[in-house]
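Engineer: Please see the structure below; I have some questions.
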Amino acid sequence: MTNQLLFLGSIGSQEIIIIALVILLLFGGKKIPELMRGLGKGVSQFKKGMKDIEEEINAEPEKKEVPHP
């Protein structure tokens with residue numbers, strides 16, 4: 001399993017530059033800021049959702065009265 005994770009360490013600066021150039025060619029210079037902005041909004045919404053769920057789990061349960069027939 002550790003061998004599968006180690007392949008990330010073999011990426012050098014030349015590979016990163018090539019990947020960045022390919023992305024630049026595919027999306028163009030004007031689309032990249034829009035993509036990054038959308039990615040940032042998505043990450044912030046995800047974090048907000050996780051925080052809301054955590055607060056809901058940690059909140060004291062409300063006492064609910066169950067009507068008896």
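Engineer: Under a plain spin-label model, where a point goes 7 Å from the Cα along Cα-to-Cβ, how far apart in nm are Ile57 and Lys41?
Structural biologist: Spacing of the two 7 Å Cα→Cβ label points: 2.8 nm.
Engineer: With r defined as the distance between the Cβ atoms of Glu34 and Ile11 and R0 fixed at 35 Å, what FRET efficiency is calculated, to the nearest 0.05?
Structural biologist: That gives a FRET efficiency of 0.85.
Throughout, read-outs are computed from the coordinates displayed, never taken from laboratory work. Every value quoted in this text rests on a predicted model; they were computed, and no experiment measured them. Every residue, glycine among them, receives a Cβ derived from its backbone with ideal geometry; neighbour counts consider all protein chains shown.
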